[in-house]
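Working notes, structure below.
What follows is calculated from the coordinates using simple rules that are stated; it is not laboratory data. Note that the structure is predicted; figures quoted are calculated from it, not measured. Cβ atoms come from the backbone with ideal geometry, glycine included; neighbour counts cover every protein chain shown.
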Amino acid sequence: MRDIIEGPPEPGAPPPPLWKRLAWFVGLALAASAVTALTAYAMKALLPDYPGG
């Protein structure tokens, strides 16, 4: 049976291609930004509305 979670790379193993590492970085950065924005809008929706503010 194939492992679902891979272990760390072997010492001396070549790193993954640059495009793959950059794709992971960009994907994680966009996901983090989206979660932060959604959390901010959700918290803002919980605040009461003040007249004139």
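How far is helix 18-46 tilted off the main Cα axis of the chain, in degrees rounded to 10, range 0 to 90?
It works out to around 20 degrees.
If each residue of separation counts as 0.36 nm, what is the full-extension length gain between Leu28 and Glu6 once their alpha-carbon separation is subtracted?
Result for the pair: 6.0 nm of gain on full extension.
Quickly estimate the mean residue ellipticity at 222 nm for the chain, helices only: each DSSP H run with n ≥ 4 gives -39500 (n - 2.57), and the total goes over all residues, rounded to 500.
One gets -19500 deg cm²/dmol as the mean residue ellipticity at 222 nm.
Where does each of Tyr50, Tyr41 land when they are ranked from fewest to most other beta-carbon atoms within 10 angstrom?
Tyr50, Tyr41
If you take the Cα atoms of the chain, find Rg, then find the Kirkwood Rh from the mean of 1/r over all pairs, what is Rg/Rh?
Details: Rg = 20.5 Å, Rh = 15.4 Å.
That ratio is 1.33, to two decimals.
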